[in-house]
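The values are calculated or read from the model by the stated rules, or taken from the named source; none is laboratory data. Being a predicted model, the structure only gives us computed values, none of them experimental. Note: ideal-geometry Cβ built from the backbone for every residue, glycine included; neighbour counts use all protein chains shown. Only protein heavy atoms, including side chains, enter the accessible area calculation; ligands, DNA and RNA are left aside. Shrake-Rupley method; radii C 1.70, N 1.55, O 1.52, S 1.80 Å.
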Amino acid sequence: MTSQLTTGASRRTTIAVPGGRLAGLRSGRTDDPAVLLVPGYTGSKEDFGPIMSALAGAELQAIAIDQRGQYESAGPAEPAAYTPNEMAVDLLAIADEVGRPVHLVGHSYGGLVSRAAVIAEPTAFRSLTLMSSGPAAIGGRRRVIIDQLRPLLPAGLGPVYDAMQAAYAGSPGYVVPPAPVAQFLRARFLLGSPAMLEGMGDALVDEPDRVAELAATAVPTLVLTGADDDAWPPHVQADMARRLGARYQVIAGARHSPAVENPAGTAQALIDFWRDVP
């Protein structure tokens, strides 16, 4: 069984950005084409761990990061520093370091940040993959959970995490993770910045529809989703792909985290897409 503890042939690294350094995982050779992998709200670089070896095996240099304020990356104390436009600056700095243009993959909230980076500087990116991300603010049960958690932030991250897990446990199809994975997920959450959680949470429920702006960049785009995604429903992502003129790929046996839930299918879909990018 794969999980965030499955990081394969990747090695730990740090990457300089304007506000400091971000923690990362890196696989592949430094002279191979670069792929930058950006996690979502409450996520981390480990959300891409299960596909890192496959990407290296396809002669790609894969770099997965903790965004500012996530897990092992420090971040500002102001929630306003965690909007997609503000965080896009970090992705542009990493593209400069590894050599533009790079393939960019954004998962969930990371997709909103990645979209902002592409809109800001399209020439920095060879392609964009929006993985289980949407055209605008999140809705449904996940939005309800974010709204419920906001008042708990002053009480500390422990109570917030416990409340969040209790809410997700009531979701259809929820599976209790094995003890080592559960321990990692809790530890990861508790190391995050409260300002990050507040700022990303606000942005997730306020993000405008920027599909037309992204389409105008003409950057080749893949919209990739789990067949049972419970954040932005697949039909919403399919419509976004249509509006973008983008490739659309559904990953069987996956919900909101395809790289963890079906790493082989996810890696192959990404590699096939990148092989078709000019």
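Can residue 241 be described as of a type in the set (A, V, I, L, M), without any contact (Cβ under 8 Å) to a residue 24 or more places away in the chain and over 25 Å from residue 8 (Cβ atoms)? Please lay out each step first, then the result.
Values: of a type in the set (A, V, I, L, M): yes; without any contact (Cβ under 8 Å) to a residue 24 or more places away in the chain: yes; over 25 Å from residue 8 (Cβ atoms): yes.
Taking the combined requirement at face value, the residue satisfies it.
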Original post:
Right, residue 137: in contact (Cβ under 8 Å) with a residue 24 or more places away in the chain and hydrophobic (A, V, I, L, M, F, W, C) or not?
Top reply: yes
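Go through the range 179-203 residue by residue and tally those that are among the aliphatic types (A, V, I, L, M) and either under 16 Å from residue 78 (Cα atoms) or in contact with a His (Cβ under 7 Å, 6 or more places away or on another chain) (or both).
Within the range 179-203, the subset among the aliphatic types (A, V, I, L, M) is 179, 181-182, 185, 187, 190-191, 195-197, 200, 203.
Checking the rest, the ones that are also either under 16 Å from residue 78 (Cα atoms) or in contact with a His (Cβ under 7 Å, 6 or more places away or on another chain) (or both) come to 195-197, 200, 203.
Total satisfying the criteria: 5.
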Original post:
Hey, does the range 183-202 have a residue that's assigned to a strand (DSSP E or B), among the aliphatic types (A, V, I, L, M) and surrounded by 15 or more Cβ atoms within 10 Å (Cβ to Cβ)?
Top reply: no
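Could you please find all residues in the range 56-91 being of a type in the set (A, V, I, L, M) and out of contact with any helix residue (DSSP H, G or I) (no Cβ under 6 Å at 6 or more places or on another chain)?
Going residue by residue through the range 56-91, those that are of a type in the set (A, V, I, L, M) are 56, 58, 60, 62-65, 74, 77, 80-81, 87-89, 91.
Matches in the range 56-91: 56, 60, 63, 74, 80, 81, 89.
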Original post:
Here are some conditions: (1) within 15 Å of the chain's Cα centre (by Cα); (2) part of a strand (DSSP E or B). Residue 51 meets all but one. Which one does it not meet?
Top reply: (2)
Original post:
If you take the residues in the range 230-275 that are among the polar types (S, T, N, Q) and not in a loop (DSSP other than H, G, I, E, B), which one is surrounded by the fewest Cβ atoms within 10 Å (Cβ to Cβ)?
Top reply: 268
Original post:
Which residue, of 113, 118, 89, is open to solvent by 10 Å² or more (accessible area, probe 1.4 Å), at pLDDT 95 or above and in a helix (DSSP H, G or I)?
Top reply: 89
Original post:
How many residues, within the range 23-82, are of a type in the set (S, T, N, Q), open to solvent by 30 Å² or more (accessible area, probe 1.4 Å) and either under 19 Å from residue 129 (Cα atoms) or touching a Leu at 6+ places or on another chain (Cβ under 8 Å) (or both)?
Top reply: 2
